[in-house]
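Contents: one structure, followed by commentary.
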Amino acid sequence: MTGWLNVAWTNDQVRCHLPELRSRISFDVLESDDDFVLDRLTKSLANELRTVGEVSLPVDEPADDDKGAGELVLATLNVLTAVDPLQIEAVIRILTSFRRRNPDRRIRVAVGDAKIEIDNPSAEHVDELVEAFLAAAKRRKR
C-alpha cells in the first residue's frame with residue numbers, strides 16, 4: 001500500500017512518493033482521568049509524533065438521531081509515516097518516552113490487523129519493535 005506523504009523542505013512543500021505506514025495509537029485511560037487530562041496527554045503525544053509523520057485525532061461519528069458533529073476520541077491518534085526504519089524507530093522512541101513519563105499507561109499500536117503493545121521496553125526491545133512495525137507494514141502492503 002503506497003501513497004503520498006508531504007515532506008517539508010525548508011519553506012517549500014515537496015511531494016515524495018513513499019510507501020506509507022498507517023497506524024492507530026492509543027494509551028490506557030485511568031479511572032482518575034478527566035477530559036482535561038486526557039486532552040492534554042493526547043495533544044502532547046500528537047505534537048511529539050508530528051515531528052516524524054502526519055497525525056490526526058479520530059472522531060466518533062454522531063448517533064443517527066444526533067444533529068451535532070462527532071466528538072474527538074481522546075487517548076487515540078491516527079499516525080501516517082513513511083515505511084522507513086529511521087522514522088519507525090523515531091516513533092517507537094517517542095512512544096517509549098511517553099510511556100516512561102506516564103508509567104501507569106500502556107500504549108497499544110494497531111497496524112492493520114497487527115497489534116503491538118508497548119509496556120516499558122528495554123533498549124534491546126526497541127529494535128524488536130521496529131522490526132515488528134516493518135513486518136506489519138509489509139503484510140499490509142500485500
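The values are calculated or read from the model by the stated rules, or taken from the named source; none is laboratory data. All values derive from a computational prediction rather than experimental measurement. FYI the Cβ positions are ideal-geometry reconstructions off the backbone, even for glycines, and counts take in every protein chain you see. Heavy atoms of the whole protein, side chains included, go into the accessibility calculation; ligands, DNA and RNA do not. Shrake-Rupley method; radii C 1.70, N 1.55, O 1.52, S 1.80 Å.
For the range 68-99: of the residues being over 17 Å from Asn47 (Cβ atoms) and charged (D, E, K, R), which is modelled with the lowest pLDDT?
Glu71
Can you tell me which residue is surrounded by the most Cβ atoms within 10 Å (Cβ to Cβ) among those in the range 34-63 that are of a type in the set (D, E, K, R) and in contact (Cβ under 8 Å) with a residue 40 or more places away in the chain?
This residue is Glu48.
What is the number of the single condition among (1) modelled with pLDDT under 75; (2) open to solvent by 20 Å² or more (accessible area, probe 1.4 Å) that Pro121 does not meet?
(2)
Any residue that is part of a helix (DSSP H, G or I), under 23 Å from Glu54 (Cβ atoms), open to solvent by 50 Å² or more (accessible area, probe 1.4 Å) and touching a Ser or Thr at 6+ places or on another chain (Cβ under 8 Å) - is there at least one of those in the range 84-103?
Yes, that holds for at least one residue.
Among the residues of the range 111-142, which ones are in a strand (DSSP E or B) and under 22 Å from Pro19 (Cα atoms)?
Val111, Ala114, Lys115, Ile116 - these are the residues of the range 111-142 that are in a strand (DSSP E or B) and under 22 Å from Pro19 (Cα atoms).
Enumerate the pairs (first residue in the range 102-118 and without any contact (Cβ under 8 Å) to a residue 40 or more places away in the chain; second residue anywhere and in a strand (DSSP E or B)) with beta-carbon separation below 6 Å, excluding pairs fewer than 6 apart on the same chain, so at least 6 apart or on different chains.
Ile116/Val109; Glu117/Arg108; Ile118/Ile107
Among (1) of a type in the set (Lys, Arg); (2) at pLDDT below 85; (3) part of a strand (DSSP E or B), there is one condition Arg108 misses while meeting the rest; what is its number?
Single failed check for Arg108: (2).
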